[in-house]
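The values are calculated or read from the model by the stated rules, or taken from the named source; none is laboratory data. Here the structure is a predicted model, which is why all the values come from computation and not from measurement. Heads up, the Cβs are rebuilt from the backbone with ideal geometry, glycines too, and the neighbour counts pull from every protein chain shown. Just the protein is used for accessible areas: all its heavy atoms, side chains included, with ligands, DNA and RNA removed. Shrake-Rupley method; radii C 1.70, N 1.55, O 1.52, S 1.80 Å.
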Amino acid sequence: MKMKKYYASSIPEAMKLVRAELGEDAVILNSKVVITKKFFGILKKKSFEVVAGIDSMEPKDLAPTPAEVPVIQPKKENVRLQEITHAVQAKIHQGQPQQDLSLHEDTGIPDELRKEIADLKSLMQSMHKKTTQAQYPDELFPFIEYLRQQELSEELITEIGDELFMHFREASEINFSQCKLITKNLLRKRLEDFPIGGISYERKYINVLGPTGVGKTTTIAKMAARAVLEKKKKIGFITTDTYRIAAIEQLKTYAGLLQAPVEIAYNATDFEQAVQRLAHLDLVFIDTAGRNYKEVKYVNDLQRLIKFDDQAESFLVLAMTTKEKDMANIIEQFKQLPIEKFIFTKLDETNSIGTMINLMIKYNKGLAYYTNGQEVPEDIEEANLEAVLNLFFQGEEK
């Protein structure tokens, strides 16, 4: 690779010099502010140092003539490797998810060749990431790294990074507080149209859905306690979680403390009868069974058992300790149901909340609550936009 340093009074001027000499295919490898002193340090001058590079090409006149080039028939597996390499490269540049680049068993490729392809894919992804990083000046790297530690999606990081770079290019300097403010403004614009906030109290039935182990029953108890203590509502519970005796007993304990009735529904008929018995109440919280909702069967069973109509609002509970990919799979399974908002639990067990923002934007869903402990009803927060934005930087402030 041919590399060269350029000095200019601004980044745009440096870019002009790079393009003029190296062309449009040049890659910015590094950039930094340089302070030079004159007259015994009394006067200071600020300029920009940019390191750019381009793959060196051999002169055309040194290329062998067609007559000198031996005609070799490529092996079948080499042709296949070439095709896959081009496909991998195209997908990386298109920003497709990593899982789309996986090599399946049905490709008919020998194991040794499969390993070479995997190594090539890893190398290309690493080069692509370094090229993306190189477009930002050194001053932005610590903040970009903070965004990655918060597990914000690369798409959002690039969008924020471009916004920060524009500010840096105009002001020639930027600090963490300014980066934080710019990021908050950008995320606010992306999230402000989503419904954010807890129970509306305009509908009678509160469906709380989600996989096993996310803390649905405890979350329901927290929501119900607030409805009783803060809103003075008369409430009741229906549980369809008949697979775990412990879940029923846990809900009965919370109901006893709130002096609220509990109905158990083993089937659709039980559910209809429970609804009729609790018709006189202001709110009815419905605790669903925690199942492996990666299987469509369980979602379909849920849809047959519970009514999702204009008298109900539905929340999907997800634990922040779950991998984002797994949460996305669960959300995909629930797409056929009218989920209005997410509830994220176990924030106290993680140091990053980027996943929460990623999923809201990806699936156009709002946020109702997030929980940060097991205490009822204390460890639950009704979501609001500014609190979520502040929460994103909470780790930096500690």
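Points to keep in mind about this one:
- Three semi-axes describe the equivalent ellipsoid of the range 248-379; taken as square roots of 5 times the Cα gyration tensor eigenvalues and ordered largest first, they are 27, 20, 13 Å.
- Listed cross-link partners LYS4/LYS32; LYS216/LYS365; LYS180/LYS323; LYS5/LYS32; LYS325/LYS365; LYS252/LYS323 are compared with a 22 Å cut-off, the Cα-Cα value being larger for LYS180/LYS323; LYS252/LYS323.
- In terms of overall dimensions, the C-alpha atoms belonging to the range 169-226 reach 54, 28, 21 Å along their principal axes, ordered largest to smallest.
- Kirkwood radius, the range 334-398, all distinct C-alpha pairs, inverse of mean reciprocal distance: 12.7 Å.
- Accessible surface of THR242 - all protein chains present, 1.4 Å probe, nearest 10 Å²: 40
- A Förster radius of 30 Å combined with the Cβ-Cβ distance from LYS5 to THR158 puts the calculated FRET efficiency at roughly 0.70.
- Other-chain or far-sequence residues with amide H under 5 Å of GLY197's (modelled H): LEU367, ALA368, ALA383
- Counted by Cβ distance under 12 Å from GLN374, the other residues give a net charge of -3, where Lys and Arg count +1 and Asp and Glu count -1.
- P(r) histogram, all alpha-carbon pairs of the range 141-279 included - 10 Å bins from 0, percent: 9, 28, 19, 15, 18, 9, 2
- LEU29 long-range amide H proximity, modeled H, under 5 Å: VAL51, ALA52, GLY53
- Solvent-accessible surface of protein heavy atoms, probed at 1.4 angstrom with all chains present, puts TYR369, TYR7, TYR266 in the order TYR266, TYR7, TYR369, largest first.
- Mean separation of Cα pairs under 8 Å and 6 or more residues apart, divided by the residue count, gives the range 250-320 a relative contact order of 22 percent.
- Considering the range 302-359 at the alpha-carbon level, its Rg and Dmax are found to be 12.8, 38 Å.
- Net lengthening on full extension, GLU170/VAL34 (0.36 nm per residue, minus Cα-Cα): 47.3 nm
- Charge-dipole axis of the range 330-398 as Lys and Arg at +1 and Asp and Glu at -1 on Cβ define it, positive-most pick from MET356, ASN384, PRO338: PRO338
- Solvent-accessible area of GLU21 with every protein chain in place, 1.4 Å probe, in Å² to the nearest 10: 90
- Gyration tensor analysis over the Cα atoms of the range 199-269 returns equivalent ellipsoid semi-axes of 20, 13, 13 Å (largest first, whole Å).
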